[in-house]
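Before any comments, here is the structure.
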């Protein structure tokens with residue numbers, strides 16, 4: 001079905017990922033002769049006009065952001081009842097996969113990755129864009145080692161929909177800021193907090209809080225202090241542990 005609908009412009013090559021909101025395909029743009037990624041809304045959201053409108057507006061706003069550490073959005077479109085976003089295709093792996101495979105990353109490399117994400121966030125925040133879903137799954141590392149942040153703006157659109165049908169929680173609770181856990185308004189500080197959690201995980205090989213349920217984890221973000229990174233990895237320099245502690249602001 002997808003192959004038929006998008007055939008005028010894109011030739012689907014393979015499905016490369018999926019989440020609660022969309023399925024992602026690698027495709028050839030037959031006009032510009034380049035490989036792209038196409039994120040296609042799942043049918044249950046494509047049939048909700050209010051959600052589709054917000055999805056398109058947020059994607060279009062994010063498309064205005066051009067930065068070396070951000071996955072570029074090339075186009076937002078609709079073909080028949082298929083709603084999609086065309087993205088830069090990033091050849092590489094996400095940071096979650098790398099941490100699962102390697103465990104603790106060398107502190108220097110962890111700091112380099114965090115700095116690149118911070119630069120992407122700085123550029124986005126300057127344009128009034130808040131990511132709302134910073135986590136290792138949305139941080140891509142190219143085969144050359146470049147850091148690319150994906151899905152800018154899309155978490156805000158998703159927050160307007162109820163995703164209980166898929167059992168998904170938008171923005172993994174392990175990376176939630178306290179204001180997200182409380183259900184309060186989310187701003188740039190939330191992204192910085194989540195980046196601090198990502199840095200903690202890179203340095204220690206583990207998220208700071210675990211629990212038996214998403215609510216239990218969210219409460220820990222509100223009520224508890226994590227084990228200091230240097231207690232889990234004595235190779236972490238004091239200054240870098242200080243960066244982790246400063247991330248919550």
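List the residue pairs whose Cβ atoms are under 6 Å apart, where the first residue sits in the stretch 108-126 and is in contact (Cβ under 8 Å) with a residue 24 or more places away in the chain and outside the structural domain of residue 147 (by TED's automatic domain parsing), the second is buried (at least 16 other Cβ atoms within 10 Å of the Cβ) and not in a helix (DSSP H, G or I), and the two are 6 or more positions apart or on different chains.
So the pair list comes out empty.
Being farther than 16 Å from residue 138 by Cα, without any contact (Cβ under 8 Å) to a residue 40 or more places away in the chain and not assigned by TED's automatic domain parsing to the domain that holds residue 152 is true for just one of 79, 29, 75. Which residue is that?
Working: 79 fails: without any contact (Cβ under 8 Å) to a residue 40 or more places away in the chain; 29 fails: without any contact (Cβ under 8 Å) to a residue 40 or more places away in the chain.
When all the criteria are applied, what remains is 75.
Does at least one position in the stretch 190-210 carry a residue that is loosely packed, with under 13 Cβ neighbours inside 10 Å and either modelled with pLDDT under 90 or in contact with a strand residue (DSSP E or B) (Cβ under 6 Å, 6 or more places away or on another chain) (or both)? Show your work before the answer.
Restricting attention to the stretch 190-210, the residues satisfying the condition of being loosely packed, with under 13 Cβ neighbours inside 10 Å are 210.
Next, only the ones that are either modelled with pLDDT under 90 or in contact with a strand residue (DSSP E or B) (Cβ under 6 Å, 6 or more places away or on another chain) (or both) stay: 210.
Within the stretch 190-210 (the criterion being loosely packed, with under 13 Cβ neighbours inside 10 Å and either modelled with pLDDT under 90 or in contact with a strand residue (DSSP E or B) (Cβ under 6 Å, 6 or more places away or on another chain) (or both)), the answer is yes, since at least one residue qualifies.
What number goes with the only condition from (1) at pLDDT 85 or above; (2) outside any loop (DSSP other than H, G, I, E, B); (3) within 17 Å of residue 19 (Cβ to Cβ) that residue 245 does not pass?
The failed condition is (3).
When only residues in the stretch 180-219 that are part of a loop (DSSP other than H, G, I, E, B) and either under 17 Å from the mean Cα position of the chain (by Cα) or touching a residue at least 40 places away in the same chain (Cβ under 8 Å) (or both) count, which is nearest to residue 105 (Cα to Cα)? Working first, answer last.
Just the residues of the stretch 180-219 that are part of a loop (DSSP other than H, G, I, E, B), to begin with: 183-187, 205-213.
Narrowing the set further to residues that are either under 17 Å from the mean Cα position of the chain (by Cα) or touching a residue at least 40 places away in the same chain (Cβ under 8 Å) (or both) leaves 186-187, 205, 207.
On the way: 186: 29, 187: 29, 205: 7, 207: 13 Å.
Only one residue fits best here, namely 205.
Out of the strands (runs of 3 or more DSSP E) lying entirely within the stretch 1-92, which hold 2 or more residues that are farther than 27 Å from residue 114 by Cβ and touching a helix residue (DSSP H, G or I) at 6+ places or on another chain (Cβ under 6 Å)?
Values: elements: 10-18, 22-29, 34-41, 73-79, 82-88.
Where strands (runs of 3 or more DSSP E) fall fully within the stretch 1-92 and carry at least 2 residues being farther than 27 Å from residue 114 by Cβ and touching a helix residue (DSSP H, G or I) at 6+ places or on another chain (Cβ under 6 Å), they are 73-79, 82-88.
Quick one: in the stretch 48-64, of everything that is within 19 Å of residue 19 (Cα to Cα) and out of contact with any strand residue (DSSP E or B) (no Cβ under 9 Å at 6 or more places or on another chain), which residue is modelled with the highest pLDDT?
Result: 48.
Outside any loop (DSSP other than H, G, I, E, B), in contact (Cβ under 8 Å) with a residue 24 or more places away in the chain, assigned by TED's automatic domain parsing to the domain that holds residue 189 and over 17 Å from residue 136 (Cβ atoms), is that true of residue 235?
On the way: outside any loop (DSSP other than H, G, I, E, B): no; in contact (Cβ under 8 Å) with a residue 24 or more places away in the chain: yes; assigned by TED's automatic domain parsing to the domain that holds residue 189: yes; over 17 Å from residue 136 (Cβ atoms): yes.
No, not satisfied.
The values are calculated or read from the model by the stated rules, or taken from the named source; none is laboratory data. Remember, predicted model here, so these are calculated numbers, not experimental data. Glycine also receives a Cβ, built like all others from the backbone with ideal geometry; neighbour counts cover every protein chain displayed.
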